[in-house]
Amino acid sequence: MADQHREPDVRLELFSQSRFLSGARALVGNIAQRLGFSEIECGQISLAVDEALCNIIKHGYQQRSDGRIWISIWANHDEPSEIKVVIDDQAEQVDLEAIKSRDLADIRPGGLGVHIMREIMDEVLFEKREKQGMRLTMRKQVQPADRSAQVGRAGNVTSLKRESESENG
Amino acid sequence: MANPEQFNVLSETHDSTIILRPQGEVDLNCAPALREHICDVQQHKPEKLIIDLADVPYMDSSGVATLVEAMQTARRSGGQLILCCMQAKVMSIFEIARLDTVFTIVPDKETAMQ
């Protein structure tokens, strides 16, 4: 886990307002695309982040518009490429046992966010932050089939990797 | 597209069928506007309500929740809710939520009208 020892590649801070969701989705989707995820997967990774942000806005901050949310993204280009997204907030802490997917056979509006995140991402980890708020860590690796499907975009991935290597010295 | 000012819902009526065509991304920001439109037309208890999703490139669980509520309202009043022209990215969330077999989803408006 090399990323544990380095700063995130991208960090975004936003208020707990739903009007900023589309911008956050676009950013995450773009980074995922450059890592070689398929178009559908890029949309799904954006969706997972969107669902996490929605939960923080709706349940964490109870629709308050002045809450702070920090999104940190690591774009790891090692084989296999991986995106890691960490979302921190200062909202009310939640009992970790209470965070679970609901029974999908119960057809009713709402309550799908955690299921969607867990279904899409390889790893979804909720934690209580030391003093205040919650931290959500999500990871997803590019599968070999995805990379082979990205032949047309290989140049982008390579150039991003070179930029990253250059920045890291 | 998630700005409510950029989100719009077009509406058509054919006899006892109402077609709603939302235009834009349906997320936590815009789902309330879609819900309002759907609630308005469902007050008239249409026999068939078609939601044409051709111009919806993205939907999150807030949008899905709005459609689940609409489907349940339609069933209670003996009506039918049909989703059509769903883009692949939007279909993806219905599959993940295992709702692709719960809704009536058809490829195009013509099929929905039949």
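The values are calculated or read from the model by the stated rules, or taken from the named source; none is laboratory data. In this text the structure is predicted, and so the values were computed from the model without any measurement. We place every Cβ from the backbone using ideal geometry, glycine too, and count neighbours over all the protein chains shown. Please note that ligands, DNA and RNA were not included when accessible areas were found on the heavy atoms of the full protein model with its side chains. Shrake-Rupley method; radii C 1.70, N 1.55, O 1.52, S 1.80 Å.
Some observations on this one:
- Wholly within the range A:1-119, strands (runs of 3 or more DSSP E) carrying at least 1 residues that are open to solvent by 30 Å² or more (accessible area, probe 1.4 Å): A:10-15, A:68-76
- One residue stands out among those in the range B:80-91 that are buried (at least 18 other Cβ atoms within 10 Å of the Cβ) and at pLDDT 95 or above: the one that is farthest from the other protein chains (Cβ to nearest Cβ), which is B:Cys84.
- The residues in the range B:16-36 that are in contact with a strand residue (DSSP E or B) (Cβ under 7 Å, 6 or more places away or on another chain) and of a type in the set (D, E, K, R) can be counted, and the count is 1.
- Checked against (1) away from chain A (no Cβ under 13 Å); (2) open to solvent by 50 Å² or more (accessible area, probe 1.4 Å); (3) within 12 Å of the chain's Cα centre (by Cα), B:Asp40 passes all but a single condition, namely (3).
- Residue check, A:Ile45 at the interface with chain B (Cβ under 10 Å from one of its Cβ atoms), touching a residue at least 12 places away in the same chain (Cβ under 8 Å) and either touching a Phe, Trp or Tyr at 6+ places or on another chain (Cβ under 9 Å) or under 25 Å from A:Ala91 (Cβ atoms) (or both): no
- With respect to the conditions (1) more than 12 Å from chain A (Cβ to nearest Cβ); (2) within 10 Å of the chain's Cα centre (by Cα); (3) closer than 19 Å to B:Ala88 by Cα, B:Asp55 lacks only one, and its number is (2).
- Just one of (1) within 14 Å of chain B (Cβ to nearest Cβ); (2) part of a loop (DSSP other than H, G, I, E, B) fails for A:Glu130. It is (1).
- Leading residue by the ranking (surrounded by the fewest Cβ atoms within 10 Å (Cβ to Cβ)) among those in the range B:92-103 that are more than 11 Å from the chain's Cα centre (by Cα) and over 18 Å from A:Ile120 (Cα atoms): B:Thr101
- Residue in the range A:49-70 that is within 12 Å of the chain's Cα centre (by Cα) and of a type in the set (D, E, K, R) present: yes
- When A:Arg25 is tested against (1) within 11 Å of chain B (Cβ to nearest Cβ); (2) without any contact (Cβ under 8 Å) to a residue 12 or more places away in the chain; (3) closer than 21 Å to A:Glu123 by Cα, exactly one condition is not met: (2).
- When each of A:Ala105, A:Ala91 is tested for being more than 14 Å from chain B (Cβ to nearest Cβ) and of a type in the set (A, V, I, L, M), the lone residue that passes is A:Ala91.
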